[in-house]
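What follows is calculated from the coordinates using simple rules that are stated; it is not laboratory data. Model, not experiment: these values are computed from the prediction. We place every Cβ from the backbone using ideal geometry, glycine too, and count neighbours over all the protein chains shown.
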Amino acid sequence: MTRDEIARQHKLLNELDCIQMDLRREESDQTRLSLLRSRLGALDGSLLHQKVRLPCIPSFRCSGVVVKDCKIFNSNAKPLKIVFRGLNSTYSIIHKSGDDMRQDALVLQMVSFMNDIWLSERLDLRMITFRCMPVGYRKGAFVGFFISHFI
């Protein structure tokens, strides 16, 4: 990974943080959603030319954002579901700032580790695990969590 790629990742994360801070200032959900879509539309145009690798999934080179599938979760931190478009697939993440993500990452690693132990003992508890990647002070992303059907 080159210095330019890291700089593009940093710029992407900063832009997502700015979007999230601007959304917190808005009062109505409708205004938030329209602001999210307009800001992500602009981000989509810039990603098309830069092809940024996601910090939490370095093998995935995103070429844009699927704006219509992105949303804002209803909590105080206003986490964002961002759907990135690649050459052959899409990837969804939750981008969140304002909470200490290091504790979340540790707990999720422990759950994943315990699941591996249980699976090695042929005990399938059908755990749904995902990753949490702290990317800065009180910032991070969750990866691999969206399930399209209920068990």
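Rounding to the nearest 10 and keeping the result within 0 to 90°, find how far the Cα-based axis of helix 29-50 lies from the longest principal axis of the chain. The angle comes out near 90 degrees.
Within the range 39-97, the chymotrypsin sites (Phe, Trp or Tyr not before Pro) that combine a DSSP coil assignment with at most 13 other C-beta atoms in a 10 angstrom radius are F73.
Listed by chain and number, the aspartates and glutamates whose C-alpha is less than 14 Å from the C-alpha of K81, apart from same-chain residues fewer than 8 away, are D17, D69. Given the choices (1) 48, 36, 23; (2) 165, 72, 12; (3) 49, 39, 31, Cα extents along the principal axes in Å derived from the coordinates of this structure is entry (3).
In the range 14-102, what GluC sites (Glu not before Pro) fall in a loop by DSSP, with at most 16 other Cβ atoms inside 10 Å?
Here the sparse-neighbourhood loop sites are E26, E27.
Between the helical axis of 3-25 and the longest alpha-carbon principal axis of the chain there is an angle of about 80 degrees.
Can you give the angle from 0 to 90° between the axis of helix 101-120 and the longest principal axis of the chain, with both taken from C-alpha atoms, to the nearest 10? Helix 101-120 sits at roughly 40 degrees to that axis.
Along the chain, the exposed loop sites are trypsin sites (Lys or Arg not before Pro) outside DSSP states H, G, I, E and B with at most 14 other Cβ atoms within 10 Å, and the longest stretch free of them is 52-121.
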